[in-house]
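Here's the structure we're looking at; comments come further down.
The values are calculated or read from the model by the stated rules, or taken from the named source; none is laboratory data. Since this is a predicted model, take the numbers as computed values, not measurements. FYI the Cβ positions are ideal-geometry reconstructions off the backbone, even for glycines, and counts take in every protein chain you see.
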Amino acid sequence: MGIFNKNRISYSDFSQIGIDLHSHVLPGMDDGSPSLGESLKMLREMERIGFRKIITTPHVISALYPNTKEQILGQVYHLQDIIRQEGIQLEVEASGEYHMDYEFLGKAQGGEVIPFGKKKYLLIELPFQKPAFSIEEILYQTQLLEYEPIIAHPERYVWLMGKMKLYKGLKDRGMFFQLNLNSLAGLYGFPVKVTANQLIDAGMIEFVGSDAHHTGHLLELPKVLYNKHFAKLIQSNKLLNSML
Ligand SMILES: [Fe+2]
C-alpha cells in the first residue's frame, strides 16, 4: 500500500511485490545461510516485511558451488516440512542462480536446471568481468531451449555498468532484468546505485529481488521503501514478480 506524503510516495512493506525470486536461504548450500536457525530467521523476516512467497536461488557455479537439481530440490522439500512445523506461512520454492560458466549450457540442455514461474524462467548470473566467450550466443541457445533468461542484478557487472547501449542490446534480445532492491539503497556502492537508477529510468526492469544471503541483508531492505526510484518502479507497472 502506498502512503502519499507531500511530494513523495513511500510504502509500508513489500506486499505489492509479493514474491521474491532471488535469495540464498537454503542452509549450507552456498555463501548464504550457514544453518537451519539462520534460514528460519530469514524466512520469518521475509514474511514480516510483506513477502508471501519466495523462490530461493542457491548459487550454481561449477568450480565453487556445484549444486545439482536433485540436491536443491531435496533441501527445499526438507525446509518446507520444517517451516510448516514452525508455523511460518511464507511459501517457499527453489530454483538456482545459474552462473554463466563453461558448464551452464550443458546443464540447461540436459534438463539439470530448475525453471520457475509460468514462463520457464531461469535466473542467470553473468560473469562480473567481461568474459572471453559470447554471452549473447549462450543466452540465445538458452532461449532456443524455451527457457526465459532473467539476468540477475544487471546493475552489478563491472563491464556493463553505466553502458546503456549494452543493456539495450540485451533487452532487444528478449532478456528480462532482475534488480537487487538493496542496490537502490547503495549497499553495493555508488556506481551500482547510479546504474540501478538509470535502468529504472529507462524502463528496463521487470523483476526485483532481495538477493539476501543473511538476515542482515533483509534488515537493510525496508530503507528502500522510501526510495524515489523504488516508487517509480512500482508505479511503472512493469514489475512481474507478483505474476510468477
Ligand atoms: Fe544471488
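Return the total of residues in region 111-153 being within 16 Å of the ligand (Cβ to nearest atom) and either charged (D, E, K, R) or surrounded by 15 or more Cβ atoms within 10 Å (Cβ to Cβ) (or both).
15
How about region 190-244: which helices (runs of 4 or more DSSP H) wholly inside it have at least 3 residues that are within 16 Å of the ligand (Cβ to nearest atom)?
The qualifying helices (runs of 4 or more DSSP H) are 215-220.
Between residues in region 47-69 that are of a type in the set (Lys, Arg) and residues that are not in a loop (DSSP other than H, G, I, E, B), which pairs lie under 8 Å by C-beta distance while being six or more apart or on different chains?
Between residues of region 47-69 that are of a type in the set (Lys, Arg) and residues that are not in a loop (DSSP other than H, G, I, E, B), the close pairs are Arg52/Ile19; Arg52/Glu91; Lys53/Ile19; Lys53/Asp20; Lys53/Glu91; Lys53/Val92; Lys53/Glu93.
Looking only at residues in region 73-89 that are out of contact with any Pro (no Cβ under 8 Å at 6 or more places or on another chain) and hydrophobic (A, V, I, L, M, F, W, C), which one is farthest from Glu47 (Cα to Cα)?
Per the criteria, the residue is Leu73.
Just to be sure, is Pro58 within 16 Å of the ligand (Cβ to nearest atom), within 17 Å of the chain's Cα centre (by Cα) and not hydroxyl-bearing (Ser, Thr, Tyr)?
When the stated conditions are applied, Pro58 passes them.
Does Ser210 count as buried (at least 23 other Cβ atoms within 10 Å of the Cβ), closer than 25 Å to Phe116 by Cα and touching a Ser or Thr at 6+ places or on another chain (Cβ under 7 Å)?
yes
Can you name every residue in region 164-181 that is of a type outside the set (D, E, K, R) and without any contact (Cβ under 8 Å) to a residue 12 or more places away in the chain?
Within region 164-181, just Leu166 meets the criteria.
Here is a check on your reading of the model: is Tyr140 in contact (Cβ under 8 Å) with a residue 12 or more places away in the chain, outside any helix (DSSP H, G or I) and either touching a Ser or Thr at 6+ places or on another chain (Cβ under 8 Å) or closer than 24 Å to Val60 by Cα (or both)?
When the stated conditions are applied, Tyr140 does not pass them.
Residues Gly18, Gly32: which one is within 16 Å of the ligand (Cβ to nearest atom) and either within 27 Å of Met100 (Cβ to Cβ) or modelled with pLDDT of 95 or more (or both)?
It is Gly32.
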